[in-house]
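Q: Next up is a structure, given as structure tokens.
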């Protein structure tokens with residue numbers, strides 16, 4: 001069997017296997033989680049090599065997704081507050097937190113507009129960095145951290161991971177266009193790096209949830225159910241907004257795929273620690289959806305490749 005055919009047949013199964021392996025070997029994630037930011041950096045660099053500078057534009061899609069991200073989070077919080085403050089806070093943080101840094105990578109794999117999603121990712125993260133201290137203060141949290149400290153910490157956690165790969169890709173386009181073109185033509189590498197990243201992220205999420213006390217299990221289950229509804233809802237709403245603006249995939253990934261690592265940090269810093277289980281559960285939901293989308297796309301690609309050969 002040719003290696004290319006073998007890869008096509010294995011590709012649909014790689015992400016489900018990575019998620020399952022992360023669950024099984026979650027105890028070992030603490031030893032290798034330090035490489036996750038580097039993997040995301042490499043994925044973004046490869047993805048941004050597909051993008052030309054003039055393609056970065058703020059469009060109706062950016063404003064539509066951002067309005068749902070901010071106003072939707074506030075609405076969800078007040079709707080769930082009578083039920084439980086912890087559930088309200090946990091659900092709020094998973095709507096409010098910005099687009100994942102890896103979202104442009106998945107968007108590119110699924111055939112969406114990388115420039116549109118990359119532009120929104122930057123806007124989304126900058127907006128959260130500015131609004132988070134204000135909104136959490138209004139929610140009555142008693143975090144021992146100043147506005148400027150919070151703004152600086154969030155910015156330092158997120159922005160370098162987005163901006164530096166973009167600068168490096170644009171610089172490479174200027175000084176070594178042939179190398180830039182060679183990187184841009186090897187987008188498939190991102191898929192395999194994403195599988196390794198998924199293995200680590202799912203493993204860390206499982207470890208995080210298992211470290212919670214047994215008394216918190218009923219509330220954790222309820223949180224997980226709410227987060228499943230919210231996650232599916234965000235992908236669906238994002239897809240609808242994207243459809244109106246000409247890119248369903250970018251819309252769905254922009255609103256549905258969240259920076260859960262940052263969300264966990266914000267929950268632990270500002271909110272009741274129990275609410276930090278919500279973004280940990282969101283990891284499983286969003287990556288199940290992403291894996292399913294990539295699985296079916298890989299199946300279609302493999303079928304098309306077989307038909308052409």
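Rule-based calculations on the coordinates, nothing more; no lab input. On a predicted model such as this, the values are computed, not experimentally measured, just so you know. FYI the Cβ positions are ideal-geometry reconstructions off the backbone, even for glycines, and counts take in every protein chain you see.
Q: Once label points are set 7 Å from the Cα along Cα→Cβ at both residue 303 and residue 243, what is their separation, rounded to one decimal in nm?
A: 2.1
Q: Another question, if that's okay. Most fluctuating residue of 200, 249, 189 in a GNM of the chain with Cα springs under 10 Å: which is it?
A: Among 200, 249, 189, the largest mean-square fluctuation in the Gaussian network model of the chain belongs to 189.
Q: So how do 245, 79, 94 line up by other beta-carbon neighbours within 10 Å, fewest first?
A: In order of increasing Cβ crowding within 10 Å: 79, 245, 94.
Q: A further question follows. Relative to the longest principal Cα axis of the chain, at what angle does helix 60-80 sit, 0 to 90 degrees, rounded to 10?
A: Orientation of helix 60-80: about 30 degrees from the principal axis.
Q: While we're looking at this one, here's another question. Sort 101, 152 so the one with the fewest other Cβ atoms within 10 Å of its own Cβ comes first.
A: If I rank by nearby Cβ atoms, fewest first, I get 152, 101.
Q: Between the alpha-carbon centers of region 78-106 and region 253-309, tell me the distance in whole angstrom.
A: 14
Q: Between residue 126 and residue 229, with labels modelled 7 Å along Cα→Cβ, what's the label distance in nm to one decimal, could you check?
A: 3.5
Q: With everything on Cα atoms, drop me the angle between helix 217-245 and the longest principal axis of the chain, reported from 0 to 90° to the nearest 10.
A: Result, in degrees: 50.
Q: Here's something else I'd like to know. By how many degrees, 0 to 90 and rounded to 10, does the Cα axis of helix 277-308 deviate from the longest principal axis of the chain?
A: Helix 277-308 sits at roughly 20 degrees to that axis.
Q: Which residue, 36, 214, 182, tops the fluctuation ranking in a GNM of the chain built on C-alpha contacts under 10 Å?
A: 214
Q: Go ahead and estimate [θ] at 222 nm for the chain from helices alone: -39,500 (n - 2.57) per DSSP H run with n ≥ 4, summed, over the residue count, rounded to 500.
A: Calculated at 222 nm, the ellipticity per residue is -27000 deg cm²/dmol.
Q: Of 179, 76, 51, which has the largest mean-square fluctuation in a 10 Å C-alpha GNM of the chain?
A: Checking each option, the largest mean-square fluctuation is seen for 179.
Q: Let me ask something else. Using the count of nearby Cβ atoms within 10 Å as a rough guide to exposure, how do 191, 48 rank from fewest to most?
A: If I rank by nearby Cβ atoms, fewest first, I get 191, 48.
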